[in-house]
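Undergrad: I am attaching a structure below and will ask some questions about it afterwards.
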Amino acid sequence: MNKKSEFGRQISLLNRRLLSYINQELHSINVTSSEYIYLLVLSEKEDVTQDQLTKIAAIDKAQTTRALKALEGKGYIERKQKVTDKRSKLVSLTESGRKIVPSIKKKIKKWEEMLQTNIPPNYIDIIEMLLKTMIENTEGEHGE
């Protein structure tokens, strides 16, 4: 295996481990790895449209719709029709949604601390810079 394919495999493995961690850690509050990101975004930006959430989370519209429907069914978010545009829905956290956000943030912080274990701080800065560059390199690919 060449370096490029090994590199991609490692990123994929790390992503799968993150998803597994999120699913395991958030199981008790009935939130999945495909849902938590919306709760975090909504905790920072109240009353955003579903389209805005899709763009901010960088996730496709169909997946956003499924996740929001599930979160609404669990009582964590609510969707209301926008007064100025009946085709658009405003999404916001419910009181139940607001209550679980600190727990989610705590679990994410724990994951990030685990990732950074035994890595010098100056390397963390370099890794973050490189990851941002890789994300920029792939922007616009496959409809993202």
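Undergrad: Go through the range 99-144 and give me each residue that's more than 19 Å from THR64 (Cα to Cα) and among the charged types (D, E, K, R). Let's see the steps before the verdict.
TA: Residues of the range 99-144 more than 19 Å from THR64 (Cα to Cα): 99-100, 102-103, 105-138.
Correct list: LYS99, LYS105, LYS106, LYS107, LYS109, LYS110, GLU112, GLU113, ASP125, GLU128, LYS132, GLU136.
Undergrad: From the residues in the range 104-142 that are of a type in the set (S, T, N, Q) and part of a helix (DSSP H, G or I), which one is farthest from LYS55 (Cα to Cα)?
TA: Ranking the candidates gives ASN122 first.
Undergrad: Mind checking whether some residue in the range 73-80 is modelled with pLDDT under 95, β-branched (Val, Ile, Thr) and closer than 18 Å to SER34 by Cα?
TA: Checked against the condition, which is being modelled with pLDDT under 95, β-branched (Val, Ile, Thr) and closer than 18 Å to SER34 by Cα, the range 73-80 yields no hits at all.
Undergrad: Of the numbered conditions (1) exposed (fewer than 15 other Cβ atoms within 10 Å of the Cβ); (2) touching a helix residue (DSSP H, G or I) at 6+ places or on another chain (Cβ under 6 Å), LEU131 satisfies every one except a single condition; which is it?
TA: (2) is the only condition that LEU131 fails.
The values are calculated or read from the model by the stated rules, or taken from the named source; none is laboratory data. Just so you know, these numbers come straight off a predicted model, no measurement behind them. So basically every Cβ, Gly included, is an ideal-geometry build from the backbone, and we count neighbours across all protein chains shown.
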